[in-house]
Each structure stands twice: as structure tokens, then as C-alpha cells.
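This report refers to the structure that appears directly beneath it.
The values are calculated or read from the model by the stated rules, or taken from the named source; none is laboratory data. In this text, all values refer to a predicted model and were calculated from it rather than measured experimentally. Every residue, glycine as well, gets a Cβ built from its backbone with ideal geometry; the counts of neighbours run over all protein chains shown.
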Amino acid sequence: MKIDYGPLETQLGHFFSDRRLLGWALTHVSASSDRSISYERLEFLGDRVLGLIIAHMLFEAFPDQSEGELSRRLAALVRKESCAEAAQIWGVGPYIQLGEGEAQAGGSTKRAILGDVCEAIIGAVYLDGGIDAASKVVEKVFRNRMFSATADLRDGKTALQEWAQARRLPTPQYRLVLRGGPDHAPRFEIAVELPGFESIIGVGGSKRAAEQAAAAAFIKREKIDPQPNEKSVV
């Protein structure tokens, strides 16, 4: 059955030259016998493209903010919840191709799947039209949130600690890796460590900023949705 992607493309603001890419971005692995013809690889690409575009948007929009502050904003904007909200705005649910079991389980409304599809679509747009096309799609749906969500940004260290506690994991530990730079412009590199996970380093002009950057980077890498009192991830 041929699917009419026109309404979805209108919402995206991008009309595909190669609609196979959009089809793959909307295909869950449960609906494909070939893992390469599903959204997994496109999600991997789209995650990186989204991060780059949002980082550039933040860099331009907030010239006076530090690395740590920009990292916190980035983590808030590219988290799974934000991506799922973008997918809902686009109205992707009816277009997602799912296996029978996943469809019966309501997969097209699951936050995790919607977030993955959002990233996959961004990856597909990038392959189809390049970085300029992907930037237009991302800016259209994320730009207003970049400003309106400011008051909702949560402390990265607190969010990570609550996430760990909800899963009965130890409290994340922060370790100074390097202190450099002159006294008037110090540079701190701090690693956040949590048993069972690879450590990751954050950089900032103070220990606190570097710790926040490390927590934000951990949240981003592990695709954690830092919501208050969240007990499980869909």
C-alpha cells in the first residue's frame, strides 16, 4: 500500500527527493526483517545532526552564556522528551510502521519510539537535503522551545542524581581530571562516574560549571529523560 507522506512533509517543511529515506525513518525494527531498513541507523545519524544544529542555534542565541550553561540548555532541548514532543507536533504517529506486537502495545504513542523517530527523520532530511535542509526542519520545531523552555531547565547534577536514585544506583561521583588556564580564566575538566557506565568529562570555567557540563553530557549520551520523580523509562 502506497503511503501519502504529503501532509507529514508539509508539517516538516521538507519535501523529500528520495522518499525511501522518510519511509525508513518511520519503520520500527519490529516491522522489518532487515535491520538496515529501519530507523535505527538514521536515528544514530539524526541524533548527531540534531545536537550540532541545536548547539549552533544556542551559540548564536546566547552569546554571553558559559559552556556549562549552554550544555545544560542543549541537554534539555535534545532529551528524549523534547524529541517526542517534536514528533507529536509533526503528527508522525499514524505513519510509523510497527510489527504486530509493538502495534498492539501502542508503540506509535510511546515516548521512546516517538523520540527515536524524530531523530531518524532529522537524519533522513540531512541525507536528502543536507545540513541546510535539516537546520530548517529543526529550527522550525525547536526554536521557540529554545527560549520558552528556559524556566524549565533543571539542574543537570540534580536530574542525574534523581535518575540514579530512582534506579537504586549509587550517587554519581565527580572527579577533577585537570585544572588549567590562567588565574583570571581557569579551565576545569571534571569526569562524572557511575558504576556500570563509562565516565564522561565536562569542561567549564569553574568546578560547578564543569560538573554541570559533565552531568549534561552524561544525560545526553545515555538518552536520559531528566523528568522529576520519573521511575521508569518507556
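Do the conditions hold for residue 167, that is, is it over 19 Å from residue 5 (Cβ atoms), modelled with pLDDT under 90 and surrounded by fewer than 19 Cβ atoms within 10 Å (Cβ to Cβ)? Judged against the criteria, residue 167 is not a match. Entry remark, the stretch 26-66: residues being aromatic (Phe, Trp, Tyr) and touching a residue at least 60 places away in the same chain (Cβ under 8 Å) number 2 in total. Does residue 165 fit the bill of being farther than 17 Å from residue 52 by Cα, of a type in the set (S, T, N, Q) and not assigned by TED's automatic domain parsing to the domain that holds residue 57? Taking the combined requirement at face value, the residue satisfies it. For residue 19, the stated conditions do not hold, so it cannot be described as of a type in the set (D, E, K, R) and in contact with a Pro (Cβ under 7 Å, 6 or more places away or on another chain).
When the test is whether a residue is without any contact (Cβ under 8 Å) to a residue 40 or more places away in the chain, of a type in the set (Asp, Glu) and surrounded by 16 or more Cβ atoms within 10 Å (Cβ to Cβ), residue 189 passes it. Checking the stretch 201-210 against the condition returns a match, with at least one residue being at pLDDT 90 or above and outside any helix (DSSP H, G or I).
Taking the listed residues 38, 108, the one that is of a type in the set (Ser, Thr, Tyr) and more than 30 Å from residue 147 (Cα to Cα) is 38, with no other qualifying.
Among residues of the stretch 112-134 that are assigned by TED's automatic domain parsing to the domain that holds residue 91 and more than 15 Å from residue 27 (Cα to Cα), those with a beta-carbon under 6 Å from a residue that is acidic (Asp, Glu) and not in a helix (DSSP H, G or I) at least six positions away or on a different chain give the pairs 128/18. In the set (1) of a type in the set (Gly, Ala, Ser); (2) in contact with a strand residue (DSSP E or B) (Cβ under 9 Å, 6 or more places away or on another chain); (3) assigned to a loop (DSSP other than H, G, I, E, B), residue 196 fails one condition alone, (2).
The single residue among 58, 74 that is more than 20 Å from residue 200 (Cα to Cα) and assigned to a helix (DSSP H, G or I) turns out to be 58. Looking across the stretch 192-213 at every residue that is of a type in the set (D, E, K, R) and touching a residue at least 24 places away in the same chain (Cβ under 8 Å), the one that is nearest to residue 74 (Cα to Cα) is identified as 211.
For residue 224, are the conditions met, namely being modelled with pLDDT under 85 and either β-branched (Val, Ile, Thr) or in contact with a helix residue (DSSP H, G or I) (Cβ under 9 Å, 6 or more places away or on another chain) (or both)?
On the way: modelled with pLDDT under 85: yes; either β-branched (Val, Ile, Thr) or in contact with a helix residue (DSSP H, G or I) (Cβ under 9 Å, 6 or more places away or on another chain) (or both): yes.
Spelling it out, residue 224 is indeed modelled with pLDDT under 85 and either β-branched (Val, Ile, Thr) or in contact with a helix residue (DSSP H, G or I) (Cβ under 9 Å, 6 or more places away or on another chain) (or both).
On the stretch given as the stretch 81-131, residues that are of a type in the set (Ser, Thr, Tyr), surrounded by fewer than 16 Cβ atoms within 10 Å (Cβ to Cβ) and under 17 Å from the mean Cα position of the chain (by Cα) total 0.
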